[in-house]
Amino acid sequence: MSQPLKSMRYHLSLDSAIDEGFAYKRKTPWKNPFSELKKIYNGKAQGFENMPYGIRQALQTTRILGREDAENSFAVISSGKRKQLLEESSLTTPRSKTRAVLGVLTPYLTKSSAKERVFAVALFASAMYLSKFSVDMQAEFGDWQGILMNTVGQLTDIVRDLRPDFIANIIGNYPDLQTILQTNPQLNDMLMLYPDGSKILQNPAFRDLLIANEPLRNVLQADPTMQGLFMNFPGISEAISKNPAILEQLTQFNHQLSDMLSSQPGVTGKLKDLLYVCGGAFFQNSWNTLSTAFQTVAQQPVIQTAYDVAQGTRTALTAAANEVPQILFGKNILTPVPFEAGPVTESAKKLWYSKDMATIALKFTAAALASYKATQLLILRWRAWSTGYYTSKLMSNRAFQRIKNRFTNIDNPGQRLQEDPDKFSAGAVSLMTGGVTAIMTLSIFSQKLWDRGPIGGVEGGFFWTAFAYSAALLAITVGVARKLPEIYRNKQRVEGNLRRSTDNIANNADQIALTENEETEKEMVKRNIKPVMMNAKREIGAQMKMIAVDATVGNVSIPIPYLIVAFTAIATGNGTLGTIQSLNYAFNRVNSSMSFIVNRFEQISNLIATASRMYTLDKATDASFYLEEEKRRLSHQTSTPEPANT
């Protein structure tokens, strides 16, 4: 493999992100040059205090110009910055959750190399483009559901209209069964409405019978078979026990009726339509595309050209390369010609834009898999770089030692380096891609709801109904689960403390056995398990509130679109079952997009908790670094001899 290819392969690999993160070097803090010159002029600038006045000012000026000597490569931070760092480092929880999240989010975007930023932007943009394509497929799926429901409804209407005449025509072939129906007119009426159990249950003519007969009512509520309907009708089971031929005739009657209905042209036509919209169009269009390609090639002189190619002539090779694409797709790959769609192009377009389930599902699956791959690569590169970045900062200028000795609020720094970059990068990418996808979904499906027209005189009533419901659900969820971020942050801390106490037993087994400190270690684990249990109880309480909200308010959205369509469209003759299905799908998509924060509230809480831990560690690392730098400078100034007076 050539060197350029090796270099490209390296830069595309995760190794480059890892190496770049661990090679991070802290840059000199930026200072306003005008403010620094003013401090120097007024004699308030820090540094080089042991130098004569004129030389001290000149040396201080080199700092703002960036020409510092090797021993003082980092400028001492201002007293205000120092105070702020110490305050932020000593806090268990950052004052601002937004600042904490942004403080952890921005380093990868601002402190990584241009190459790494280009990769990150490219992966994110690819994932968003593919997500947009997936949303378009969801819109097509909603339209497909409407077509499917309308086709099924039309098939049901055809069968319902044919059924009474067919029953009247063939019932004479089954005399025992005919006698049963003649002596039980209500059973005969039910047979005409079968298999629609809801119509039987809602028919006032059967109300008294159903109230008095609970087994029959239960069977009708559970989509009964014809045999189940007869066996649970009052008196029929006794008649069958006396004359078993009735049951055999019922079975034969049901088979004959089914065969007659399924063989009718109207029924077979709708069944073919169902197969077509469920996947038949994909196979038919695929076959048409392939057959068109073979037929087009076979009918052209390109076959002779291919023979010449086999003879190895360069002229034939060029001719084939020009002629085959022109025949198939209407364009030439070697010489530019005006584009004219070829027969294969038209067939391929028909295949691509087909609205059947198989085509939609295949396109959606391909886009979803590619989008997932892009997001996971972005997460891996971000985690690799972040782990190296925070480790490099922690290991520079003995920051790790000062954190251990001074900042007692920073618990388990090893866990923060190992787990938190993974949790934060995965959570941040998931929320960013999910948020953008929710916005795209909202923009597409909200238009469908808006176009449905007004409700109660309010333009876009469907859309505003979804908006009001989602806003109410968000307010209730935030109210009952506002403490979750604190609970999750505390969970990471107490679980880390428990893990450290249990790891201490394994790491110091020989010393514990030698000093016989088993009881001390047991007491340590016992003391650390109690906060874990207390925090778990708080988490259970918060989760119970969220479950209660989801089980009550969250399920209210299920009947809303059905009720609105029934009252505004079905009852007025302006809608069908397909209308209900497509609008219900669009309503649920809009509601899901508007409820993005509600649906991801637990994930957002975990992200905030992780960001708080990483932010406090980062600030403690900065504070430790600059404190060590100040200590080094003071030591340098103390060891420098006083200048001689002349």
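In whole percent, and with a 1.4 Å probe on the protein chains, what portion of the accessible area of the range 436-522 is carbon and sulfur?
In the range 436-522, the share of accessible area belonging to carbon and sulfur is 57 percent.
Taking 0.36 nm per residue of separation and subtracting the Cα-Cα distance, what length does fully extending M533 through K38 add?
Gain on stretching M533 to K38: 172.5 nm.
Order E20, E519 by their accessible area, 1.4 angstrom probe, all chains in place, largest first.
Highest to lowest solvent-accessible surface, that is E519, E20.
Pulled fully out, how much extra length does the chain show between T268 and N173, if you take 0.36 nm times their separation in residues and subtract their Cα-Cα distance?
Extending this stretch completely gives an extra 31.7 nm.
Cα-Cα over 29 Å: which of K97/K393; K111/K404; K448/K483; K423/K448; K97/K545; K199/K448?
Violating the 29 Å limit, Cα to Cα: K448/K483; K423/K448; K199/K448.
Calculate the spin-label point distance for L261 paired with E519, positioning each point 7 Å from the Cα along the beta-carbon direction, and give it in nanometres.
Output for this residue pair reads 8.2 nm.
Given labels modelled 7 Å from the Cα in the Cβ direction, how far is it in nm from N405 to I512?
About 2.9 nm separates the two model spin labels.
As a test of reading the structure, rank M432, M614 by solvent-accessible area (1.4 Å probe, protein chains only), most first.
M432, M614
Would you mind calculating the gained length between D15 and I540 on full extension (0.36 nm times residue separation, minus the Cα-Cα distance), in nm to one decimal?
Gain in length upon complete extension: 184.9 nm.
How much accessible surface area, in Å² rounded to 10, belongs to the heavy atoms of D550 with a 1.4 Å probe?
100 Å²
Can you sort W144, W352 by 1.4 Å-probe accessible area, starting with the largest?
W352, W144
Straight-line reach from K350: which lysines have Cα under 24 Å away, leaving out those fewer than 8 places along the same chain?
K132, K270, K272, K331, K363
The values are calculated or read from the model by the stated rules, or taken from the named source; none is laboratory data. Just so we're clear, the structure is a prediction, and the values are computed from it rather than from any experiment. Reconstructed Cβ throughout: ideal geometry from the backbone, glycine too, with neighbour counts over all protein chains shown. The protein model used for the area step is the full one, side chains on, heavy atoms only, and it has no ligands, DNA or RNA in it. Shrake-Rupley method; radii C 1.70, N 1.55, O 1.52, S 1.80 Å.
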